[in-house]
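Values quoted throughout were computed directly from the atomic coordinates according to the rules given, and no laboratory measurement underlies them. What you see is a predicted model, and the numbers here were worked out from it, not measured in a lab. So basically every Cβ, Gly included, is an ideal-geometry build from the backbone, and we count neighbours across all protein chains shown.
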Amino acid sequence: MHEALTYEPVGATSPADDDWTGEYPGFRRFETTVVIGHGAQVWTAASAALMRWSIKRRSGFRVSPDGPVTAGAQYRISAGWGRLSIHEPVRVVAVVATDNRCGFAYGTLPGHPVSGEEAFVVHRDSDGTVSLTLRSLTRPAPAGPWRFAFPILLVAQRFYRRRYLRALMN
């Protein structure tokens, strides 16, 4: 049996949708899109890398277990070294894989420093432009020592978002 996620509504970042219009009181809502390249080769490489957690790994995280993103699977995302590592337990709550849109969203499990959901989506336009969209809903963890570090965690989140936006560029 799966551990309960630390937030609702599950799937709120809507990675399958072009437009994200929901309102989520109590959460910090974030969305941004960057162009990462153009053409079929960029699309193929970026979507394959995304679905093997490369956006997180190339941004300085470790992901366990190794392997492709799988809907419903639980992962442990870690940053840091040894005892100084921060561990983020998550579950993949949505996966999208179409001819022009590929990505996933994960939700936080108990023990994660924050509560909410994060989505990473690679998509291409009819002219071949390939883009990466990040979406997140964040609030303090419901319990534990991380609740009090939330302002510091928001600074770290901004730092890693910049890394994510560059992680799939050639």
Label point distance in nm, residue 48-residue 35, each placed 7 Å from Cα along Cα→Cβ | 2.4 nm
Please determine, in degrees from 0 to 90 and to the nearest 10, the orientation of helix 40-50 with respect to the longest principal axis defined by the Cα atoms of the chain, where the helix direction is its Cα long axis.
-> 10 degrees
Of 159, 104, 120, the one that fluctuates the most in a GNM where the chain has Cα springs shorter than 10 Å | 159
Pairwise label distance in nanometres, residue 97 with residue 3, each label 7 Å out on the Cα-Cβ vector | 2.7 nm
Prolate/oblate/rounded call for segment 1-81, Cα gyration tensor, a/c under 1.5 rounded | oblate
Which of 137, 97, 78, positive extreme of dipole for the chain (C-beta unit charges) = 78
Using the alpha-carbon atoms, what tilt in degrees (0 to 90, nearest 10) does helix 150-167 show relative to the longest principal axis of the chain?
-> 20 degrees
Taking the convex hull of the alpha-carbon atoms of the chain and averaging its shadow over every direction gives an area in square nanometres of 9.8 nm²
So how much slack lies between residue 86 and residue 157, counting 0.36 nm per residue of separation and subtracting their Cα-Cα distance, in nm?
-> 24.3 nm
Rounded to the nearest 20 Debye, what is the dipole magnitude of the chain about its Cα centre when Lys and Arg each give +1 and Asp and Glu each give -1 at the C-beta?
-> 880 debye
Segment 11-66 and segment 87-152: distance between their alpha carbon centers, rounded to Å | 7 Å
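Can you compute the FRET efficiency between residue 16 and residue 149 using 1/(1 + (r/R0)^6), with r the Cβ-Cβ distance and R0 = 30 Å? Round to the nearest 0.05.
0.35
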